[in-house]
Amino acid sequence: MTLPLNAEMLAAAYEYLRTTPPFNKWNLPDHEDIKFRTSRRPREAGRYEWDGDHHIVASIHGIAYTESLMRFMSHEMVHLHLQIMGWESKARSEEVHNAAFRKFSALVCKHHGFDPKAFY
Ligand SMILES: [Zn+2]
């Protein structure tokens, strides 16, 4: 049995993380301003997308348990932060983890005990 992932869980995970460092210093939007949904894509945990709205999409095939949900959501929240600050890489042909991403990721991993080598 695994976690029956749904949009409400994604929003709740996001809101929990938003109360914790370093996210609580980033002035991130309320969960109501983000579109959360699940997908069935096989080869990814999920993704953050910006098309005028913020989207956080989690794959039910890539996330089975709370631990990976928290790591996934934290990862996408770094992308969200970079997008809002204008620091996200512009070339989106493939997902890019630039120097800013690595810097904020290191901070997230330090506070939350995520393995930085498994954060990508
Ligand atoms: Zn990423």
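What follows draws every value from the coordinates through simple rules; no lab data is involved. A quick note: this is a predicted structure, and the numbers were derived from the prediction, not measured. Using ideal geometry, Cβ is built from the backbone for each residue, glycine included, and neighbour counts are taken over all protein chains shown.
One table, with the values for the structure above:
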| quantity | calculated |
| --- | --- |
| Using θ = phi - 60° and Karplus 6.51 cos²θ - 1.76 cosθ + 1.60, couplings along the range 62-76 (whole Hz; Gly, Pro as x) | x, 10, 10, 9, 3, 4, 6, 4, 5, 5, 4, 5, 4, 4, 5 |
| Overall Cα dimensions of the chain, principal axis frame, Å, largest first | 37, 30, 29 |
| Gly46 long-range amide H proximity, modeled H, under 5 Å | Ser59 |
| Counting DSSP beta bridges with both ends in the chain, the antiparallel % (nearest 5) | 45 |
| Separation in nanometres of the label points that stand 7 Å from Cα toward Cβ, at Thr66 and Asp53 | 3.0 |
